[in-house]
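Engineer: Input: one structure, supplied below.
The values are calculated or read from the model by the stated rules, or taken from the named source; none is laboratory data. Owing to the predicted nature of the structure, the values given are computational and were not obtained by experimental measurement. Cβ placement follows ideal geometry from the backbone for every residue including glycine, while neighbour counts extend to all protein chains displayed.
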Amino acid sequence: MADRQGSLGCTIAAGALSLLVGCGAAAAQGAPPPAVSVMPVVSRQVTETGDFLGRVTAIDKVDIVARVPGFIEERLFTEGQKVKTGDLLFRLEQATYKAAVEQQRANLAKAKATAVNTALQLQRGQELVRNQNIPQSTLDQRAADDAAAQAEIMQAQALLDQAQINLGYTEIRSPINGRIGLAIFTEGNLVSPSSGTLATIVSQDPIYVTFPVSDRFIQDVQQASGSGRIEPQDVVVKLMLANGSEYPQTGKIDFTDVKVDQNTDTLLVRAVFANPNRILTDGQYARVTAERKTPVDALVIPQRAILTDQSGNYVLVVGEGNKAAAKHVTTGANQGADVVVQQGLNDGDVVIVDGVQKVRPGQEVNPAPTSEPSASADGSAAPAGGGSGQSGSSQTAPAKPAGN
C-alpha cells in the first residue's frame, strides 16, 4: 500500500513539473522581441576637429644684459611700456670709455706719423742705393721698418674701433619691438656681463601658441582625410580663453616638430596668432581647437551606439530577419554627440542606438527609427572634450558580442 502511494506521488510530481516546463516554454516562445531604436548609417560632410591644451609663447624674447662693466647712470624706460628697436633703455657711466677712445686716437695718430717717417726713409734709401751710396741691406731694413709702421697703424685703428665699440655698449638699446618688464637693477648699481639680466623684452604681436598632439590622433585624422596627409594651410586654429570666451583671431599652423617625443608620444605643433590688443601674454595656457577648413565625407553615428569589450569598439546592427549582429569598428574624432566611424560599417547599415542593453548578438529585435536626429545632421561638429585634452571616440556598455 505504501509503495503504491509513493508511486502515485512521484507520478503527480512529475506531471506537475512537466506542466510547469511546458508553460514556461510556451511563455518564452510567446515573448515579443525587445524594442530598440535604430538609425541607418549615412555618409555626411563633417569638419574634423581636435581639442588640446596649449601654451602662449612670444615669438621674440630678449634678456637685456650689460656688454661692458660700469655704473648705471640712467634708466630711460618705464617698466611695462612698449619699446621699439633702437630705443635707449640704460646708459652706463661713459667717462672711462670716452678716455679710452681718445687714448687710442692718439696712438693711431702716433702710428701714422711714424709711418710717414719710415716711408720717407725708404724713398731716400731707394735713391741712394741706385748710386751705391748705401748697401742693399740698409734699404731692406728701411723697407721692413716701413712695413712695420703700416702694421702699427692697423693695430692702432683696431684698438680705436674696439674702444669705440665699448663706448657704444654703455648705451643699452632695445634689439626688438615689444614690451619691457621689470628693471632688475636700478640707477647707481655696478653691472657687468656677469650680472645677468637687467630687464626682459617680449614681443606680443604676432604671438605663438604651441600644443602637443598625440601621434594616434594625427594618424586618425590623416586616415579619415582619405589623402593620407593634412597640410598646415588646410587647418584653422582657434583659442578658448580662461574666462570661457573665444579669442577673436584665428591662427594658422606654421611649424610641426620633426620628431615625436618618446616620453609622451606627442608631436609639438605651433600656430601663429595676431595679437593686436595684447590679449595673449607669453607663458599663459589656452585651450586650442584645431579645425580642418574643408569638410570631408565620413560615416557618422551617435556616440551612445558605441560599445566596448576586450577586443575594442563595436556596434549592434540589425540584419536579415531583424536579428542583431555585432560589428567591430574603428572610430575617429568626435563630432559633438556623434563619432566618425573609419572602418567596420557600410553606408546603409542599420545601427541600434537605444536599447542596446536589452539585446544580445543573434537575438531578434523589434526595430523602430530613433526619434532623435543625429547631432551632426547639419554637417557641423562641436569640439569634443576629454580629460586628455584631445577628442575621444568611445564609451562603454554592458552588451558584448558572443564568443568574445
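Engineer: What pairs can you find where one residue is in the stretch 283-294 and touching a residue at least 24 places away in the same chain (Cβ under 8 Å) and under 13 Å from Val269 (Cβ atoms), the other is assigned to a loop (DSSP other than H, G, I, E, B) and of a type outside the set (D, E, K, R), and their Cβ atoms are less than 9 Å apart, with a gap of 6+ or different chains?
Structural biologist: Pairs that qualify, where the first residue is touching a residue at least 24 places away in the same chain (Cβ under 8 Å) and under 13 Å from Val269 (Cβ atoms) and the partner is assigned to a loop (DSSP other than H, G, I, E, B) and of a type outside the set (D, E, K, R), are Val288/Gly389; Thr289/Pro383.
Engineer: Only one residue in Ile180, Ile218, Ile172, Ile201 is surrounded by 16 or more Cβ atoms within 10 Å (Cβ to Cβ), within 13 Å of Leu92 (Cα to Cα) and either in contact with a Leu (Cβ under 9 Å, 6 or more places away or on another chain) or at pLDDT 95 or above (or both). Which one?
Structural biologist: After ruling out the rest, the residue left standing is Ile172.
Here's the yes/no breakdown for (1) assigned to a strand (DSSP E or B); (2) modelled with pLDDT of 90 or more; (3) not basic (Lys, Arg):
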site	(1), (2), (3)
Pro248	no, yes, yes
Ile253	yes, no, yes
Val258	no, no, yes
Asn263	no, no, yes
Leu267	yes, no, yes
Val272	yes, yes, yes
Leu280	no, yes, yes
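Engineer: Quickly run through the stretch 290-303 and pick out the residues that are surrounded by fewer than 17 Cβ atoms within 10 Å (Cβ to Cβ) and either farther than 30 Å from Gly348 by Cβ or of a type in the set (Lys, Arg) (or both).
Structural biologist: Lys293
Engineer: For the subset of the stretch 146-197 comprising residues that are touching a helix residue (DSSP H, G or I) at 6+ places or on another chain (Cβ under 8 Å) and of a type in the set (Val, Ile, Thr), which member is farthest from Gly86 (Cα to Cα)?
Structural biologist: My answer is Ile153.
Engineer: So, one more: Taking the conditions exactly as written (loosely packed, with under 15 Cβ neighbours inside 10 Å, of a type in the set (Val, Ile, Thr) and modelled with pLDDT under 95), does Val129 satisfy them or not?
Structural biologist: No: the conditions fail for Val129.
Engineer: Would you check which residues across the stretch 314-351 are surrounded by 20 or more Cβ atoms within 10 Å (Cβ to Cβ) and touching a Ser or Thr at 6+ places or on another chain (Cβ under 8 Å) and list them?
Structural biologist: Passing the criteria: Tyr314, Thr331, Gly332, Ala333, Asn334, Gln335, Asp338, Val339, Val340, Val341.
Engineer: I've got another one for you. Of all residues in the stretch 83-109 being part of a helix (DSSP H, G or I) and among the aliphatic types (A, V, I, L, M), which is farthest from Gly178 (Cα to Cα)?
Structural biologist: Only one residue tops the list, namely Ala109.
Engineer: To continue, here is another question. If Ser137 meets every condition in (1) among the polar types (S, T, N, Q); (2) farther than 30 Å from Val65 by Cβ; (3) assigned by TED's automatic domain parsing to the domain that holds Arg179 apart from one, which number is that one?
Structural biologist: So Ser137 meets the others, but not (3).
Engineer: Determine whether the stretch 145-153 contains at least one residue that is more than 43 Å from the chain's Cα centre (by Cα) and free of Cβ contacts under 8 Å to residues at least 12 places away in the same chain. Show your work before the answer.
Structural biologist: Of the residues in the stretch 145-153, the ones more than 43 Å from the chain's Cα centre (by Cα) are 145-153.
Those still in the list that are free of Cβ contacts under 8 Å to residues at least 12 places away in the same chain too: 147, 151.
For the stretch 145-153, residues more than 43 Å from the chain's Cα centre (by Cα) and free of Cβ contacts under 8 Å to residues at least 12 places away in the same chain: present.
Engineer: What number of residues in the stretch 346-371 are part of a strand (DSSP E or B) and without any contact (Cβ under 8 Å) to a residue 60 or more places away in the chain?
Structural biologist: Total meeting the criteria: 0.
Engineer: Can we say Ala158 is among the small types (Gly, Ala, Ser), assigned by TED's automatic domain parsing to the domain that holds Gln81, modelled with pLDDT of 85 or more and not in a strand (DSSP E or B)?
Structural biologist: No: the conditions fail for Ala158.
Engineer: Across the stretch 257-275, what is the number of residues that are farther than 15 Å from Thr57 by Cα and surrounded by fewer than 19 Cβ atoms within 10 Å (Cβ to Cβ)?
Structural biologist: Selection size over the stretch 257-275: 10.
Engineer: Inspect the stretch 69-82 for any residue being within 26 Å of Ile207 (Cβ to Cβ), part of a strand (DSSP E or B) and in contact with a Lys or Arg (Cβ under 9 Å, 6 or more places away or on another chain) and give the result as yes or no.
Structural biologist: Scanning the stretch 69-82 turns up at least one residue that is within 26 Å of Ile207 (Cβ to Cβ), part of a strand (DSSP E or B) and in contact with a Lys or Arg (Cβ under 9 Å, 6 or more places away or on another chain).
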